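Colleague: Take a look at this one; I'll ask things after.
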Amino acid sequence: NAGVTQTPKFQVLKTGQSMTLQCAQDMNHEYMSWYRQDPGMGLRLIHYSVGAGITDQGEVPNGYNVSRSTTEDFPLRLLSAAPSQTSVYFCATQKGLAVLQETQYFGPGTRLLVL
Amino acid sequence: GENVEQHPSTLSVQEGDSAVIKCTYSDSASNYFPWYKQELGKGPQLIIDIRSNVGEKKDQRIAVTLNKTAKHFSLHITETQPEDSAVYFCAASMGGSYSSASKIIFGSGTRLSIRP
C-alpha cells in the first residue's frame, strides 16, 4: 500500500513549456485534489475531483488543467508554464465527503521551477 | 469566503517546554478544523482534528481547543521534543458535502523549532 505517490519529485521548465504532474493513489479514495504551496501562503487549492469523471476548480485554477478518468489517477497539466507557477505542488486524497471521511492524505510533493 | 489566520509564523521553544499555535477563522459555518505537521521535504500529515461540536480534544502530548463564539482554535504541544520541529498548518472547512469540497482553507503555517 503506497498511499499517495507523485512524480516527478523535481522538475525544471522553461517558460512556455508544458508538462504533466502525476498523482496516483491506491486507497480507493473518491476525493482527490491538487494544492500549490508558496512561502508564507500556506496551501492553496488548484483543482479537485469528487470522483472519476468529475472535476472542479479550486481557489487558484488559472493555468492548470485536470482530468479524472480513473479513481486512482489525477494528473495536473500545465499547458504553458510561467515563472509564477514556480512552487511546490501537493496532491491530496480523501476517502469521501461525509463526516469522518474528511482526513486528507498528502503526497510527498513535486518541486517545480519555471525559468 | 473563509479566511484563516495563523500566528505566530515562527516559534522557538526550549525542549520540554510547551508550544501554542493559534488560528482564527472568519466563516461561522466552518465545522471541521484539522492540524497538519509538515516535516522538511515531505507532504503535510494530519496530527489532530476537531469538529465544531467539541470544545477540546487531546492525543498524548497534543491538544486542540476550539472557541466557536470567538472563532478561534489553538494547537497545544506539551513536553516538546526535537522531533516536534516542523511546520504546522491549521485549516478550516465546512465538511460533509460536495459544495464544501473546495472550501477547506489553510493557514499560512508556523515554523516550530525546538532548542536542545
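Colleague: What average count of beta carbons from other chains do you get within 10 Å of the Cβ of residues in B:27-35?
Modeller: Per-residue shielding by partner chains comes out at 1.
Colleague: How many partner chain Cβ atoms sit within 10 Å of a residue's Cβ in peptide A:9-16, on average, as a whole number?
Modeller: The shielding value for this peptide is 0.
Colleague: Here's another thing I want to ask about it. Relative contact order for chain A: what percent, with Cα pairs under 8 Å and sequence separation of 6 or more?
Modeller: Relative CO of chain A lands at 35 percent.
Colleague: At 7 Å along the Cα-to-beta-carbon direction for both A:Arg77 and B:Lys57, put a label point, then send me their distance in nm to one decimal.
Modeller: That separation, rounded to one decimal, is 3.8 nm.
Colleague: With Cβ to Cβ distances under 15 Å as the rule, what net charge do the other residues near A:Leu78 carry (K, R +1; D, E -1)? Could the numbers behind the result be given before it?
Modeller: On the way: positive: A:Lys14, A:Arg36, A:Arg77, A:Arg111; negative: none.
Within the 15 Å Cβ shell, the charges total +4.
Colleague: Quick check on the exposure proxy: order A:Ile54, B:Ile114, B:Ile104, B:Ile62 from fewest to most C-beta atoms within 10 angstrom.
Modeller: A:Ile54, B:Ile62, B:Ile114, B:Ile104
Colleague: Looking at the calculated P(r) for region B:1-43, what percent of the C-alpha pair distances fall above 17 Å?
Modeller: Result for the distance tail: 50 percent.
Colleague: Give me the three principal axis extents of region B:1-112 from the C-alpha atoms, as integers in angstrom, largest value leading.
Modeller: Principal-axis extents of the Cα atoms in region B:1-112, largest first: 41, 30, 21 Å.
Colleague: Still on this structure, I have one more. Please compute the Cα-Cα pair-distance distribution of the protein assembly as shown with 5 Å bins starting at 0, giving whole percents from short to long.
Modeller: Reading the bins upward from 0: 1, 7, 15, 18, 19, 16, 12, 8, 3, 1, 0.
Colleague: Can you tell me the relative contact order of region B:1-108? Whole percent, Cα pairs under 8 Å, sequence separation 6 or more.
Modeller: 33
Colleague: Still on this model: How big is chain A on each of its three principal axes, counting only the C-alpha atoms and giving the largest first in Å?
Modeller: Result, largest extent first: 41, 30, 26 Å.
Colleague: Over 18 Å apart: what share of the alpha carbon pairs of region A:61-115 falls there, rounded to a whole percent?
Modeller: Of the Cα pairs, 45 percent sit more than 18 Å apart.
Colleague: Still on this model: Which aspartates and glutamates, if any, have their Cα less than 16 Å from the Cα of B:Lys68, not counting same-chain residues under 8 positions apart?
Modeller: Candidates past the 8-residue exclusion: B:Glu2, B:Glu5, B:Asp27, B:Asp49, B:Glu56.
Every number in this text was worked out from the coordinates using simple rules, so none of it is lab data. Just so it is clear, the structure is predicted and the values come from calculations on it, not from any experiment. Every residue, glycine as well, gets a Cβ built from its backbone with ideal geometry; the counts of neighbours run over all protein chains shown.
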